[in-house]
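The values are calculated or read from the model by the stated rules, or taken from the named source; none is laboratory data. In this text the structure is predicted, and so the values were computed from the model without any measurement. Ideal geometry is used to build each Cβ from the backbone, glycine not excepted, and the neighbour counts take in all protein chains shown. Keep in mind that these areas ignore ligands, DNA and RNA; they rest on the heavy atoms of the full protein, side chains included. Shrake-Rupley method; radii C 1.70, N 1.55, O 1.52, S 1.80 Å.
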Amino acid sequence: MSAWAERAARRGARRLAAVAAVLLSGIGAAALAGCDSGDDGDVLRLAINPWPGYEFLYLARERGYLAEEGLKVDFVERPDLGGVRAAFVAGEADAMTVTLTEVLRTCDELPDRCPRVVLAADYSDGADVLMAVPPLRSPADLRGRRVAVEDGTATMFLLSRALETAGLSFADVQVVQMPQADMADAVRAGRVDAVATYPPVALELARTGRLRTIFSSADIEGEVVDVVAVAPAWAEDRDEAVAALVRAWDRAVEYWRENAGEAEAVMAAREGVSTRAFAESLAHIRILRSAEQRFLFTQGGPLERAVAHHDRLLRRAGLIQGPDRSGQVIVGEYLQTALR
């Protein structure tokens, strides 16, 4: 019997026992109806930051898809990836929208709460960028330069990969850690020579005309994946609730594909950018429905390979040090439940 089948059997046994207890206690049908309708235990606290791909989760709420799928989601909003991970680590959220970098760092820090990737929202195909002040033209020009990154997030992974292409490492640059929101001011004040960033901050920096893109996620296709990761304790016994999140996501993506102008206007307004700028960002992001994600979750597939790549670079940078937990994080069963 597979591990998934064993978990399902345990869930079934526990649920049967619970139902029997209810019936024997004489609570009866009214209590059963209350269980079916859901309670506070089924509320998913989702830590989330501004990013065009994640806006589809808000769109799912605005369109009523989450409610129609029987799932209540409380959005725990944070300004950047670092804030999202911090909320999860502090127990303020049951799930988070992050990249594989944040997933692995959390597993290293909290092995008993190692988050499970249940949805691959998108591939970044040029939206995550390394931007530099002229005359810097390539990653090789960063030797000895000050580069702003968001501590312990995918921006460090992006910088690491950029430096790797030039035969450099973190030791060859001055890494300046700061929140995304401070990067524009740091560039204007001349405190940094380059920044690793993503929308909406990347859009703001591009508008200034002060910087040029010298490397992006398009140069490492398929390696920067934005995911929804859920705490194992919350997901246990809630396979249908997690599958409901996937179905609501699918419906939001489908709505966008059929009503792009209207959907992008709604999502752009929430991000505080123009509809045109939001659409331009989406042009560098590959949004994925669950059917398109199926191959990602296969054993030995793209997600497992990407996790292994992130693990290797994070260890090289000294950002994770514990046992290799990459085999724990990719869980495709919820996707399969949603597709069924």
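Brief remarks on what is shown
- Loop-located trypsin sites (Lys or Arg not before Pro) across region 115-214 with a Cβ neighbour count of 10 or fewer within 10 Å are ARG137, with loop assigned by DSSP.
- Against the chain, whose longest principal axis is taken from its Cα atoms, helix 3-25 shows a tilt of about 40°.
- Cα lying deepest toward the dipole's positive end in the chain, options PHE170, VAL84, MET131, charges on Cβ: PHE170
- Shape category assigned to region 46-192 from the gyration tensor of Cα positions, a/c cut at 1.5: prolate
- The accessible surface of the chain, taken with every protein chain in place and a 1.4 Å probe, is 50 percent carbon and sulfur.
- Projected label distance in nm at ASP324 and ALA308, using a 7 Å step from Cα toward the beta-carbon: 0.8
- If you take the Cα centroid of region 264-340 and the Cα centroid of region 150-225, the two points sit 19 Å apart.
- Two-site FRET efficiency, ALA317 against ASP185, from Cβ-Cβ distance with R₀ of 41 Å, rounded to 0.05: 0.95
- Label-point separation, ALA218 to ALA233 (7 Å along Cα→Cβ), nm: 4.4
- The chain: translational diffusion in µm²/s, Stokes-Einstein, Kirkwood Rh over Cα pairs, 25 °C, 0.890 mPa s: 117
- GNM remark for the chain: springs join alpha carbons under 10 Å apart, and the peak mean-square fluctuation among LEU119, LEU46, LEU211 falls on LEU211.
- Rolling a 1.4 Å probe over the heavy atoms of the protein chains gives region 226-311 an accessible area of 42 Å² per residue.
- Calculated FRET efficiency, ALA90 to ARG210, Cβ-Cβ distance, R0 = 35 Å: about 0.50 to the nearest 0.05.
- Each Cα pair under 8 Å and six or more residues apart adds its sequence gap; the mean of these over the residue count of region 177-274 is a relative contact order of 16 percent.
- The chain - percent relative contact order, Cα under 8 Å, separation 6 or more: 25
- Computed over protein heavy atoms with a 1.4 Å probe, the accessible surface of region 107-150 works out to 36 Å² per residue.
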